[in-house]
Amino acid sequence: EAKELADYKACIKRRAAGEPVAYITGIRGFYEDEFAVGKGVLIPRPDTETLVEEALSGLAGKDGKQGGAERKTVLELGVGSGAIVVSLAKAAPEHDYFACDISMAALKTASKNSARITPGKVRFFGGSWFEAVKLSSFFDLIVSNPPYISSDEMRDLQPEIREFEPMTALDGGPDGLDAYRLIISQAVDYLVPGGSLLLEIGYDQKAGVQALAEAVSGYESASFIRDLAGHDRVAKIIKKH
């Protein structure tokens, strides 16, 4: 009882200091599962479930159902807690999954979540975006939720986000599009013909992301999917056949 009381008081103290509940409990619900999270790893948000749903739609068979579809190869850039790629691997286990992150804390957390939810289904490796990926048109689908908050907006974030969550997973540079410039310009060399690049975006970044996609001759089209709040949330960029 003494330990339980001490733990309770510690939790109250941490919460009073503004620490997010997910870091205190070590767990965050996302899609159909609970994921371990901790300091140094971005807490997954409900908005990102739109990205998962769109990815599963692309992985489904001709009948719109999972299972029986042609086997595909999927890469997640910036895996974080693993919420995206693990959710995909659980819902559509017939495909091959890879995921990378520059953060060792993220890779450890994602590996832990994958081992519990989808053991043996996801292969993880370290690196910044494509730097550790062999240059080859190999992936049918690349997904990512890159940092997209502009430097000015970073200063206005709620203290519990600004002071506790990893800034490298949030700060997208002066206009919030630094990571998109790199990913969009390079992903075309790693996708199979007709392959898809799915990116979560900020609610006001549609025009900027569309312009980046249109500047790369290897892409066929760019479309946008809205979240439940009606905001443009996912960019779907298709490589030419």
(request) Could you grab the pairs with beta carbons closer than 8 Å, sequence gap of 6+ or different chains, first residue in the stretch 196-210 and touching a residue at least 60 places away in the same chain (Cβ under 8 Å), second one acidic (D, E) and assigned to a strand (DSSP E or B)? (result) S196/D140
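Just checking, which of D171, D189, D178, D204 is closer than 14 Å to V234 by Cα and over 13 Å from the mean Cα position of the chain (by Cα)? Give the derivation first.
Values: D171 fails: closer than 14 Å to V234 by Cα; D189 fails: closer than 14 Å to V234 by Cα; D178 fails: closer than 14 Å to V234 by Cα.
Checking each option against the conditions leaves just D204.
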(request) Tell me which of these E131 doesn't satisfy, since it passes every other one: (1) touching a Pro at 6+ places or on another chain (Cβ under 8 Å); (2) over 25 Å from G61 (Cα atoms); (3) part of a loop (DSSP other than H, G, I, E, B). (result) (1)
(message) Under 9 Å between Cβ atoms, which residue pairs at least 6 apart in sequence (or on different chains) link something in the stretch 107-134 that is in contact (Cβ under 8 Å) with a residue 24 or more places away in the chain and among the basic types (K, R) with a partner that is assigned to a loop (DSSP other than H, G, I, E, B) and open to solvent by 50 Å² or more (accessible area, probe 1.4 Å)?
(response) K121/P93
(request) Looking only at the stretch 161-215, count how many residues are part of a strand (DSSP E or B) and over 24 Å from V41 (Cβ atoms). (result) 6
(request) Could you please give the count of residues in the stretch 18-56 that are at pLDDT below 90 and out of contact with any helix residue (DSSP H, G or I) (no Cβ under 9 Å at 6 or more places or on another chain)? (result) 0
(request) Tell me, please, whether a residue that is surrounded by fewer than 13 Cβ atoms within 10 Å (Cβ to Cβ), part of a strand (DSSP E or B) and at pLDDT 95 or above can be found in the stretch 82-103. (result) no
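Look at the stretch 126-148 and say how many of its residues are within 25 Å of T50 (Cα to Cα) and in contact with a strand residue (DSSP E or B) (Cβ under 8 Å, 6 or more places away or on another chain).
Narrowing the stretch 126-148 to residues within 25 Å of T50 (Cα to Cα): 128-130, 138-148.
Now narrow it down to the ones that are in contact with a strand residue (DSSP E or B) (Cβ under 8 Å, 6 or more places away or on another chain): 129-130, 138-148.
Of the residues in that region, 13 qualify.
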(message) Go through (1) closer than 21 Å to Y31 by Cβ; (2) in a loop (DSSP other than H, G, I, E, B); (3) open to solvent by less than 20 Å² (accessible area, probe 1.4 Å) for L228 and report which single condition fails.
(response) (3)
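Under 27 Å from R71 (Cα atoms), hydroxyl-bearing (S, T, Y) and part of a loop (DSSP other than H, G, I, E, B), is that true of S137? Don't jump to the end; show me each part of the working.
Numbers: under 27 Å from R71 (Cα atoms): yes; hydroxyl-bearing (S, T, Y): yes; part of a loop (DSSP other than H, G, I, E, B): yes.
Judged against the criteria, S137 is a match.
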(message) I'd like to verify a number: residues in the stretch 136-165 that are open to solvent by less than 20 Å² (accessible area, probe 1.4 Å), under 13 Å from L197 (Cβ atoms) and not aromatic (F, W, Y), how many?
(response) 5
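The values are calculated or read from the model by the stated rules, or taken from the named source; none is laboratory data. As the structure is a computational prediction, the values presented were derived from the model and not from experiment. Note: ideal-geometry Cβ built from the backbone for every residue, glycine included; neighbour counts use all protein chains shown. Accessible surface is based on the protein model in full, side chains and every heavy atom, while ligands, DNA and RNA are left aside. Shrake-Rupley method; radii C 1.70, N 1.55, O 1.52, S 1.80 Å.
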